[in-house]
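The values are calculated or read from the model by the stated rules, or taken from the named source; none is laboratory data. None of these values were measured; they are calculated from a predicted model. Note that we place each Cβ from the backbone using ideal geometry, even for glycine, and neighbour counts take in every protein chain shown.
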Amino acid sequence: MPFSVCMRDCYDTCSMISEFKDGKLTVRGNPRHPVTAGFLCPKGALLPKWFHAKGRLKKPLIRTDERGSGEFRETSWEEAIKVVVDKLRETIEEHGSESVLVYQYAGDRGAVNYAFPLRLFHYLNTSMLDYGICDRAGHEALKDVYGTAVGMDPEELKNQRLLVYWGMNAFWTNLHGFMLAKKNNLEIWTVDVVRTETAKRSDRFFQIRPDTDVLFALSVAKVIIEENLYDKAFVRENVYGFEEFKNYVKTLSLDYVSKETGLSIEDIEEFARGYAEKRGVIHIGYGFQRSLAGGEAVRAIAILPALVGHRFGFIYDMKTIDKSYAEGAFLRSKPAKRIPQVKLAEYIERGEIKFLYVYNSNPLASLPNQNRLRKALVESDVFVVTHDIFLTDTALYSDVVLPANTFFERLDIADSYYHRYVALNEPVARLHGKSNSEVTRLLAKALGIENPYLYESDEEVIRKILELNGLSWDELKEKGFVRVPEKPRKWETPSGKIEFYSQRVVERGLSPFPEYRKFKGKYPLRLLTPTYRMTITSQYHNTYGMVDPNLYINPADAEERGIQDGDAVEVFNENGRIRTVAKLSDDVPRGVVLLYKAFWVKLLGWNANFLTIDETVQNYGNGSAYHSTWVDVRKV
Ligand SMILES: Nc1nc2c(c(=O)[nH]1)N[C@H]1C(S)=C(S)[C@@H](COP(=O)(O)OP(=O)(O)OC[C@H]3O[C@@H](n4cnc5c(=O)[nH]c(N)nc54)[C@H](O)[C@@H]3O)O[C@H]1N2
Ligand SMILES: Nc1nc2c(c(=O)[nH]1)N[C@H]1C(S)=C(S)[C@@H](COP(=O)(O)OP(=O)(O)OC[C@H]3O[C@@H](n4cnc5c(=O)[nH]c(N)nc54)[C@H](O)[C@@H]3O)O[C@H]1N2
Ligand SMILES: [Mo]
């Protein structure tokens, strides 16, 4: 039976075994896989429903009325490709190749179907994204301290005692990681603003106020240092800038930290003592670093593992294989203009983008400040092509819509940003649409391009990537996955050590040591928009129909506004307003409200991104800052 890989933008990258019989797909977990072994998450178990969904696009569409009206006519692939190619040529002739932008993300994480279309756009020297939407600030911060964001192999957890989820809701977002920790009897702690399902299943929960993680981490470091709990030999040998850092935290008052973070001094001391004694490993979440304070917070947290003598005592990203061959940046003849992903609307407003090619992404659900983005799209003359499996919000705003197939319908491989396995994905059946690489070849051909790299088959690309990384195709075929061995490695910083003090940081205009800054919006309540259990960003809303659109609010904040559980409310700020139902809950602290992220606007009439800010984390690579949104709420 064929092997599949769940290609969603998710830590786990599950290896699966699929079957297509009597016109029906079934899937189950590949029992041999050491991390994702044997079971699927609630979303993965429903994949056949997604595959067989009625709403799958079957024919290309061409817009016949105003943008966003949803009026399209069906057309043939030949005509659709011709329309796209004619417009692409015309745009490049009139406005230059940089006025073309390919907008893609991790809707499908297959090595080929994530990257192969980029070959065409590199060949054409178009603008590219900077990919700042997800985990950028934390990446930059970890690079400052360790020279890399790649931390511990999660299979090493079996030799550990304590795992701290810092700003991460692993029970929903990394279920196999959570179960791995449980299986290995690790103690689990969670640091979060919200009492999440992960917090509820943890041995300890540290409920912290938004943006104060930097203070908490610095105070933990202070206690560890001042109570002599740190690994002196390790620090002496491997840390750069320890003495200066020690002096820096000396002045920190635990009273002040306690007041700002909402944690007691006992909490801080117990965290420090327990973490040092058990040499904890910290899994740093992607979610919480998407705020204006995110970069400095991760920089402060990154210091803790080194104090307890871990070479790489954090988990953030995993890079096992080099997949760049699939993308083919070597096809460019000049360096790419990079467009900050979160600032798409601004670049459209400025008239810098005239042609937008979207695949593997649904920016009209997932990008912040949707009112601005939609207005920019409607008012500009940008030509939009979307390649997707469904008629998403982005597709609705497009000039041409091309039907995509799913990973069940083609060959690919995928690595994971969490564990060290590369998995094989074999075609199981074919229903509708064309793959990302097939469409690329059609476009290249219609453009009259002769370069052979644009016509390589999926299998050729995959075999080449395996070869370049020294991995065996036969082993992959036999088990459905291969482990990528870890090579001994050092920190990739200028000093070759773990840098508590980093010149790179100072050169970016930041203070040498992580600094606590208070951010304030124009409205009184902080809006968090984290991930939801049954969706992957916007995906599955239309196929599984399970979303939670309620606004979670603390009973005290609700009472002040005369709001009761179940009341209809309006949530508003400078960017927009939405209507929903209030749910009173002590899981969210005072001053914080919560809406789950990025559902389908066309199904709900709104989503959280009509409120979120499109600012970026300064000095941390233009990372998104969704959580730095402030709102108010009133009963309607
Ligand atoms: N089920 C499911 N799984 C997913 C996804 C999904 O949409 N659904 N999305 C995938 C993607 S794209 C990503 S990037 C990952 C994200 O994975 P996670 O990082 O686990 O997810 P989030 O829910 O975005 O954020 C985690 C937590 O950060 C907390 N938080 C917010 N602000 C602060 C703060 O100032 N301090 C602290 N300490 N905590 C704070 C939120 O309350 C939230 O519980 O998950 C992936 N997996
Ligand atoms: N408010 C708020 N918004 C957020 C976040 C948040 O925390 N809060 N998190 C942000 C984060 S971390 C991320 S990573 C982004 C993700 O945002 P997006 O990149 O927009 O991700 P998805 O919503 O998963 O959309 C992926 C799209 O790809 C399509 N797709 C799937 N497979 C294929 C394929 O094989 N071919 C083609 N052509 N299309 C395919 C799917 O149908 C879907 O429409 O969202 C961000 N948005
Ligand atoms: Mo993400």
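Exactly one of (1) surrounded by fewer than 16 Cβ atoms within 10 Å (Cβ to Cβ); (2) farther than 27 Å from K434 by Cβ; (3) of a type in the set (S, T, Y) is unmet by T26. Its number? All conditions are met except number (2).
Does K477 qualify as being in a helix (DSSP H, G or I), over 17 Å from E327 (Cβ atoms) and outside the structural domain of L118 (by TED's automatic domain parsing)? Spell out the reasoning first.
On the way: in a helix (DSSP H, G or I): yes; over 17 Å from E327 (Cβ atoms): yes; outside the structural domain of L118 (by TED's automatic domain parsing): yes.
Yes: the conditions hold for K477.
Restricted to segment 356-410, and to residues there that are within 27 Å of S4 (Cβ to Cβ) and among the acidic types (D, E), the residue that is farthest from ligand 3 (Cβ to nearest atom) is E409. When you scan segment 432-440, do you find a residue that is touching a residue at least 24 places away in the same chain (Cβ under 8 Å), charged (D, E, K, R) and part of a loop (DSSP other than H, G, I, E, B), even just one? Within segment 432-440 (the criterion being touching a residue at least 24 places away in the same chain (Cβ under 8 Å), charged (D, E, K, R) and part of a loop (DSSP other than H, G, I, E, B)), the answer is no, since none of the residues qualifies.
Step by step: first the residues of segment 445-470, then only those that are in contact (Cβ under 8 Å) with a residue 24 or more places away in the chain and more than 30 Å from the chain's Cα centre (by Cα), then the one that is surrounded by the fewest Cβ atoms within 10 Å (Cβ to Cβ). Which residue is that? Filtering segment 445-470 for residues that are in contact (Cβ under 8 Å) with a residue 24 or more places away in the chain and more than 30 Å from the chain's Cα centre (by Cα), the one surrounded by the fewest Cβ atoms within 10 Å (Cβ to Cβ) comes out as N451.
Confirm whether R56 is closer than 30 Å to K82 by Cβ, within 15 Å of ligand 2 (Cβ to nearest atom) and outside any strand (DSSP E or B). Yes. Pairs only if they're at least six apart or on different chains, beta carbon under 6 angstrom, first in segment 349-366 and outside any helix (DSSP H, G or I), second among the acidic types (D, E) and within 16 Å of ligand 1 (Cβ to nearest atom); list them, first residue then second. That search, which allows pairs on different chains as well, returns N360/D108.
Can you list the helices (runs of 4 or more DSSP H) lying wholly within segment 157-267 that have 3 or more residues being hydrophobic (A, V, I, L, M, F, W, C)?
Details: elements: 170-173, 175-183, 197-200, 213-226, 232-238, 242-250, 254-261.
Output list reads 170-173, 175-183, 213-226, 232-238, 242-250.
Is it fair to say A336 is over 30 Å from V461 (Cα atoms) and either buried (at least 24 other Cβ atoms within 10 Å of the Cβ) or among the hydrophobic types (A, V, I, L, M, F, W, C) (or both)? Answer is no for this residue.
Here A217, A149, A221, A141 are screened, and the one residue that is at negative phi, within 16 Å of ligand 2 (Cβ to nearest atom) and of a type in the set (A, V, I, L, M) is A149.
For segment 1-16, name all the residues that are away from ligand 3 (no atom under 16 Å from the Cβ) and either at pLDDT below 95 or touching a Gly at 6+ places or on another chain (Cβ under 7 Å) (or both).
M1, F3, C14, S15, M16, listed by residue number.
Kindly establish whether P488 is without any contact (Cβ under 8 Å) to a residue 60 or more places away in the chain, buried (at least 17 other Cβ atoms within 10 Å of the Cβ) and not in a strand (DSSP E or B). So P488 fails the test. Answer yes or no: is there a residue in segment 502-514 that is in contact with a strand residue (DSSP E or B) (Cβ under 7 Å, 6 or more places away or on another chain) and modelled with pLDDT of 95 or more. Checked segment 502-514: no residue is in contact with a strand residue (DSSP E or B) (Cβ under 7 Å, 6 or more places away or on another chain) and modelled with pLDDT of 95 or more. Screening I321 on (1) part of a loop (DSSP other than H, G, I, E, B); (2) within 16 Å of ligand 2 (Cβ to nearest atom) shows it passes everything except condition (2).
Restricted to segment 515-526, and to residues that are in contact with a strand residue (DSSP E or B) (Cβ under 8 Å, 6 or more places away or on another chain) and among the basic types (K, R), which residue is modelled with the lowest pLDDT? So, considering only residues that are in contact with a strand residue (DSSP E or B) (Cβ under 8 Å, 6 or more places away or on another chain) and among the basic types (K, R), the one modelled with the lowest pLDDT is K520.
Taking the residues in segment 92-125 that are within 16 Å of ligand 3 (Cβ to nearest atom) and not in a helix (DSSP H, G or I) as candidates, determine which candidate is farthest from the chain's Cα centre (by Cα). Reasoning before the result, please.
Pass one, segment 92-125, residues within 16 Å of ligand 3 (Cβ to nearest atom): 103-109, 114.
Within this subset, residues satisfying the condition of being not in a helix (DSSP H, G or I) are 103-109.
Numbers: Y103: 15, Q104: 13, Y105: 9, A106: 8, G107: 10, D108: 12, R109: 12 Å.
Applying the filter and picking the extreme gives Y103.
Considering segment 536-636, the qualifying helices (runs of 4 or more DSSP H), each wholly inside and each with 1 or more residues that are on the phi < 0 side of the Ramachandran plot, among the basic types (K, R) and within 14 Å of ligand 2 (Cβ to nearest atom), run over 601-604.
Out of the residues in segment 524-572 that are aromatic (F, W, Y) and under 25 Å from the mean Cα position of the chain (by Cα), state the one that is surrounded by the fewest Cβ atoms within 10 Å (Cβ to Cβ). First the steps, then the outcome.
Here is the first cut: in segment 524-572, the residues aromatic (F, W, Y) are 532, 540, 544, 552, 572.
Cutting the leftovers down to under 25 Å from the mean Cα position of the chain (by Cα) gives us 532, 540, 544, 552.
Working: Y532: 22, Y540: 23, Y544: 17, Y552: 19.
Among them, the one singled out is Y544.
Yes/no matrix, rows are residues, columns are (1) buried (at least 20 other Cβ atoms within 10 Å of the Cβ); (2) within 16 Å of ligand 2 (Cβ to nearest atom); (3) among the small types (G, A, S); (4) outside the structural domain of R311 (by TED's automatic domain parsing):
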position: R119; (1), (2), (3), (4): yes, yes, no, yes
position: H122; (1), (2), (3), (4): yes, no, no, yes
position: T126; (1), (2), (3), (4): yes, no, no, yes
position: I188; (1), (2), (3), (4): yes, no, no, no
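Residues checked against (1) more than 26 Å from the chain's Cα centre (by Cα); (2) of a type in the set (A, V, I, L, M, F, W, C); (3) under 30 Å from K520 (Cα atoms):
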{"position": "L162", "(1), (2), (3)": "no, yes, no"}
{"position": "Q207", "(1), (2), (3)": "no, no, yes"}
{"position": "F216", "(1), (2), (3)": "no, yes, yes"}
{"position": "E226", "(1), (2), (3)": "yes, no, no"}
